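Structure first, then comments.
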Amino acid sequence: MAARVSFVGAGPGATDLITIRGARLLRHADVVIFAGSLVDRKLVQLYATRADIFDSAGMTLTEVLSVMMDAVASGRSVVRLHTGDPSIYGAIQEQMEALDRLEIDYQIVPGVTSAFAAAAALKQELTLPEVSQTVIITRIEGRTPVPEREQLSAIARLGATMVIYLSVGMVEKVVEQLLQGAYTIATPAAVVCRASWDDELIIHCTLAELAEKVHEAGIDRQALIIVGDVLAARREGLKAKSLLYDSGFSHGFRDVRVA
């Protein structure tokens, strides 16, 4: 393996939800820097059996870059292991820009984000005909600011399926802002805590019940909030079906001729 940096998405948590490519890079890496506050340590131990391991939970950006620079300078390969997919709340942009300035080669290997692991846990399609064809991935403002135009209350006006990261610890504020949009107290919601982990926890409720249910379960981190009418489609009976498999719908792979 060439001396370069590979940003790898570890997946949502389960050790077998990392991609084949990501697992292969881990097996052959000389140095692994992983986000220990989020990535399951068992995954690192399973795949990175020959690497020097660094937990970035307590490291600064300068320290992370220093480990990368030293490794590459000595001809060693580096895997920078992020939770889920590194392109969503992964804080990799500043690392990539620094590597660009240092003229260090790197690649990015995508992973399974917890949004899709949560949908799988719920056995739920996030886009349904005539219900919602838009999925918004967002977060509420906390210590990290959110642009004014992307305040939860503003984008909630669309009424689309919403997957809310990094916000369960401010669940009352989430509900308050969602109710300023197109959602009502009866809008279905779900919380998936530690999606795909052994201790995964799922809550089904309405927006009116969301805060109380979250507090009852003792959930304050590592959870996604999903909101939208798609969550009620199964119990209400989906009226509009996908055209993709409709016997009367023609497309590039199936020609339906009217007699």
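Here, each number is a calculation from the coordinates, and none is a lab measurement. Here the structure is a predicted model, which is why all the values come from computation and not from measurement. Here the Cβ positions follow ideal geometry from the backbone for every residue, glycine too, while neighbour counts run over all protein chains shown.
Net charge near S77: determine it from the other residues with C-beta under 12 Å of the C-beta of S77, scoring Lys and Arg +1 and Asp and Glu -1. Result for the local shell: +3. For segment 125-182, relative contact order (Cα pairs under 8 Å, six or more residues apart, normalised by length) works out to 39 percent.
In this structure the amide hydrogen of T113, modeled in the peptide plane, comes within under 5 Å of the amide hydrogens of D85, none closer than 5 places in sequence on its chain. Measuring between their Cα centroids, segment 79-93 and segment 158-186 lie 25 Å from each other.
Estimated from the Cβ-Cβ distance and a Förster radius of 45 angstrom, the FRET efficiency linking M96 and Q45 is about 0.95. Between [x] -0.34, -0.54, -1.49; [y] -0.38, -0.60, -1.35; [z] -0.40, -0.60, -1.20, which matches log10 I(q)/I(0) by the Debye sum over Cα atoms at q = 0.08, 0.10, 0.17 Å⁻¹ calculated for the structure shown? Comparing each candidate, only [z] matches the computed number. In the chain the longest region clear of trypsin sites (Lys or Arg not before Pro) that are loop-assigned by DSSP and have at most 12 other C-beta atoms within 10 Å covers 144-220.
For segment 76-161, GluC sites (Glu not before Pro) are listed when DSSP marks them as loop and at most 16 other Cβ atoms sit within 10 Å of their Cβ; the list is E103, E125, E130, E141.
How much net charge surrounds A14 when only the other residues with a Cβ under 13 Å from the Cβ of A14 are counted, with Lys and Arg +1 and Asp and Glu -1?
Taking every other residue near A14 into account, the sum is -3.
Contact order, relative form, for the chain: 18 percent (alpha carbon pairs under 8 Å, 6 or more residues apart, mean separation divided by residue count). Summing Lys and Arg as +1 and Asp and Glu as -1 over all other residues whose Cβ lies under 12 Å from the Cβ of Q222 gives a net charge of -2. A full extension of the chain between R143 and K173 corresponds to an added length of 9.4 nm, given 0.36 nm per residue minus the alpha carbon distance.
Remark: spin-label model distance A232-H204 equals 1.4 nm, labels positioned 7 Å along the Cα→Cβ axis. Distance between the pseudo-spin-label points of L158 and R27 (7 Å out from Cα toward the beta carbon): 4.0 nm.
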